[in-house]
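Structure first, then comments.
The values are calculated or read from the model by the stated rules, or taken from the named source; none is laboratory data. All values derive from a computational prediction rather than experimental measurement. Don't worry about glycine lacking a Cβ; one is built from the backbone with ideal geometry, like all the others, and counts go over all protein chains shown. Remember, those area values only see protein heavy atoms, side chains included, never the ligands or the DNA or RNA. Shrake-Rupley method; radii C 1.70, N 1.55, O 1.52, S 1.80 Å.
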Amino acid sequence: MDTPHRQCNDCIQFIEDLSSDRGKMQVRETDVVIIGAGSVGSMAAWQLASRGVGVVALDRFSIPGPLSAYAGESRLFRKVYKEGGHYTPLLQRSQELWRELEAEGGAELLAMTGGVTIAGEDHPDLEALVDASESYDLKHDILDGDAARTRFPGHNILDTDTVFFDPEAGYLRSERAVVTALKLAAAKGATFLGNRKALAVEPQRDRWIVRTDREAVVAQKVIVSAGTGASAVTRALGTHLALRPQILTWFPMARQNAYSAPDSPIFIRRSKDAEFYGFPSADGWTVKVAASVYLDEVESMERPPSWDPAHLETIRRWVGTYLPDLIPDPVRTQLCADGYMVDSTGLLGEIPGMPGTVAAVGFSGHGFKMASAFGAVAADLAISGATSTDVAFMSPARFLDESQTLNTLPLA
């Protein structure tokens, strides 16, 4: 990246003209503007500020945000990834960065508890997990029957089930991680502006201007990490972002310490009749369990959808059937949402036709476990236009015609 911007006569005149044109609209200058200060944007801000780069980060909600994709205390972390070995380098970089964030921020963020996946007979996830672990020589155990039931007594393991154990899995304290990154970035000079409606990214001479409903921010580089607010961005890039709200649930333990022992792993069940995941107890009396069941797709999370308590009947039934040491009545719920791409793969890379602008959106449920790496890659690309981490499979150009490019980017 060029050295931090120094005002010249032309730039001063441009800013004066802009202020006049917009009725004395406030204009800010920085090196990089980040649109969306959530899971990925907070990590990009931390990375950039740590490298001495000026940052202004905008968000349409408060910072941190209560309805964000990272809401609800925790997210899974896995090294053996059924979605494909091409994610392994990102997962490895993420783990290193989570530890770096922990050390710098003095906060415990990544708990390596191990992870158990219980797969029903002939479930394709089992084969995918085995292939991923063997391709990258990652440790794992496979158990069934009485051996599996003895090792994992808190789960109803059927004779037709196979258990895959990943010793390098665990969970991230998602909200704490984002707040830690925001605090560190702010301490290093980053500015955060919440409750802003970003309207567009437009070219202005040799730089970019991000217009909001309150001000204009002028920068050499732009990172768009708008999370569930990225629908206009993905449309401009030739595809659709499906916003899928989910209700997270916490259930009380029927047996003390049933899921809070030091060796309690994260858990995932994949069966023909049940799809859910969960965490060791974080508070000593409840366990977070989330069903792979979503509310209807929404256009925006600016007005959170209402939902019927009957929506919880599925997760209550699954908990009652497969987690015998929990009381199948939730005592806490939390609404969150993710943005899903049509191919379940995010957009991470330079926006075609707009040099110096980076898209980091649409991570389709993969986002938080790799958010530290996604933020670092976005920072790499903003600074130098290149990164050592292979993210070619997430190219933002893949849904556009070969010759199609953009010169402005709508944000709303």
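At a glance:
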item	result
Residue 318 vs. criteria in contact (Cβ under 8 Å) with a residue 12 or more places away in the chain and open to solvent by 50 Å² or more (accessible area, probe 1.4 Å)	no
In the range 62-87, the residues that are farther than 22 Å from residue 281 by Cα and open to solvent by 30 Å² or more (accessible area, probe 1.4 Å)	62, 63, 64, 67, 82, 83, 86
When residues of the range 103-127 are limited to those that are in a helix (DSSP H, G or I) and more than 26 Å from residue 174 (Cα to Cα), the one least open to solvent (accessible area, probe 1.4 Å)	126
For residue 393: the one exception among (1) at pLDDT 95 or above; (2) buried (at least 17 other Cβ atoms within 10 Å of the Cβ); (3) not acidic (Asp, Glu)	(2)
Residues that are in contact (Cβ under 8 Å) with a residue 12 or more places away in the chain and open to solvent by 50 Å² or more (accessible area, probe 1.4 Å), drawn from the range 297-314	297, 299, 302, 304, 307
Residue that is least open to solvent (accessible area, probe 1.4 Å), among those in the range 269-287 that are touching a His at 6+ places or on another chain (Cβ under 9 Å) and in a loop (DSSP other than H, G, I, E, B)	271
Of residues in the range 347-374 being open to solvent by 10 Å² or more (accessible area, probe 1.4 Å) and of a type outside the set (Gly, Ala, Ser), the one nearest to residue 243 (Cα to Cα)	363
Only one of 249, 234, 212, 191 that is hydroxyl-bearing (Ser, Thr, Tyr) and open to solvent by 10 Å² or more (accessible area, probe 1.4 Å)	191
Wholly within the range 132-213, strands (runs of 3 or more DSSP E) carrying at least 1 residues that are over 26 Å from the mean Cα position of the chain (by Cα)	141-144, 162-166, 198-204, 207-212
Which listed residue is of a type in the set (Gly, Ala, Ser) and over 28 Å from residue 75 (Cβ atoms), from 170, 227, 238	238
Meets criteria (modelled with pLDDT of 95 or more, polar (S, T, N, Q) and surrounded by fewer than 16 Cβ atoms within 10 Å (Cβ to Cβ)) for residue 180	no
Members of the range 153-171 that are under 26 Å from residue 92 (Cβ atoms) and among the aliphatic types (A, V, I, L, M)	163, 169
Residues of the range 203-221 that turn out to be out of contact with any Leu (no Cβ under 8 Å at 6 or more places or on another chain), within 26 Å of residue 394 (Cβ to Cβ) and not basic (Lys, Arg), as a count	4
Close pairs from the range 357-371: first farther than 16 Å from residue 68 by Cβ, partner in a helix (DSSP H, G or I) and open to solvent by 10 Å² or more (accessible area, probe 1.4 Å), Cβ under 8 Å, at least 6 apart	358/381
Single condition residue 40 does not satisfy, out of (1) among the aliphatic types (A, V, I, L, M); (2) part of a loop (DSSP other than H, G, I, E, B); (3) within 24 Å of residue 169 (Cα to Cα)	(2)
Count - residues of the range 89-116 that are farther than 27 Å from residue 391 by Cα and touching a residue at least 12 places away in the same chain (Cβ under 8 Å)	5
Single match in 128, 103, 111, 69 (criterion: touching a Lys or Arg at 6+ places or on another chain (Cβ under 7 Å) and among the hydrophobic types (A, V, I, L, M, F, W, C))	128
Matching entry among 305, 330, 324 (being outside any helix (DSSP H, G or I), touching a strand residue (DSSP E or B) at 6+ places or on another chain (Cβ under 7 Å) and over 10 Å from residue 249 (Cβ atoms))	305
Set 324, 262: member being within 27 Å of residue 111 (Cβ to Cβ) and surrounded by 15 or more Cβ atoms within 10 Å (Cβ to Cβ)	324
Test: residue in the range 380-394 that is of a type in the set (Phe, Trp, Tyr), part of a loop (DSSP other than H, G, I, E, B) and in contact (Cβ under 8 Å) with a residue 24 or more places away in the chain	no
Among (1) part of a helix (DSSP H, G or I); (2) more than 16 Å from residue 43 (Cα to Cα) - the single one residue 376 does not satisfy	(2)
